[in-house]
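> Okay, here's the structure, questions in a sec.
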């Protein structure tokens, strides 16, 4: 993918993260780039094509970050702390929400392809967390690990959303304290 297509995806990602999928347009992105809308259509024939490119890149970025954590061969607790740091880094983006939160808020309005990409994003995260829980609690049944993985993911998502909504990084820090309490002793 060329530089122009990457720049279009970057601007679309920022638009989705700040105002949502439904609120951004090719015309707006073209104006920011100083090009015509037709030039955007050359790279992405329709808005769903562009939205899918954003969601896919976002999921792939998370997959790479999770693979990096796995490559470090950390304890489950240290691996979870590394994931928390990924979320913590998103706090620095000001009023910008995460792409997954904004797309999740509009899930029923999104084209099917983007809905499926969001489902893949959630599955990626929950599966990774389930594997982490299973490493920490090897005697647990997969269903037990899955429940805790969903709780951990929900807590991280909620902590980030609450911190963004309230403009309070402290909210995030207070909420993630509960992660340690969820780990069985």
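No lab work stands behind these numbers, since they all come straight from the coordinates. Note that the coordinates shown come from a computational prediction; the quantities given were computed from them, not determined experimentally. In this analysis, Cβ positions are derived from the backbone assuming ideal geometry, glycine residues included, and neighbour counts consider all displayed protein chains.
> Please express the shape of region 121-185 as an equivalent ellipsoid: the semi-axes are the square roots of 5 times the eigenvalues of the C-alpha gyration tensor, given largest first in whole angstrom.
The answer is 24, 13, 7 Å, longest axis first.
> P(r) for region 77-122: what percent of alpha-carbon pairs falls in each 10 Å bin, starting at zero?
Values per bin, smallest distances first: 24, 38, 32, 5.
> Sticking with this structure for a sec: Any number yet on Rg/Rh for region 1-68, C-alpha, Kirkwood?
A ratio of 0.99.
> How large, in Å, is region 55-182 by the Kirkwood hydrodynamic radius built from its alpha-carbon pairs?
In region 55-182 this quantity evaluates to 15.2 Å.
> How do the peptides 28-36, 113-121, 129-137 rank, highest first, by the average count of neighbouring beta carbon atoms within 10 Å per residue?
Descending mean neighbour count gives 129-137, 113-121, 28-36.
> With Rg and the Kirkwood Rh both taken from Cα atoms, where does Rg over Rh land for region 1-127?
Result: Rg/Rh = 1.01.
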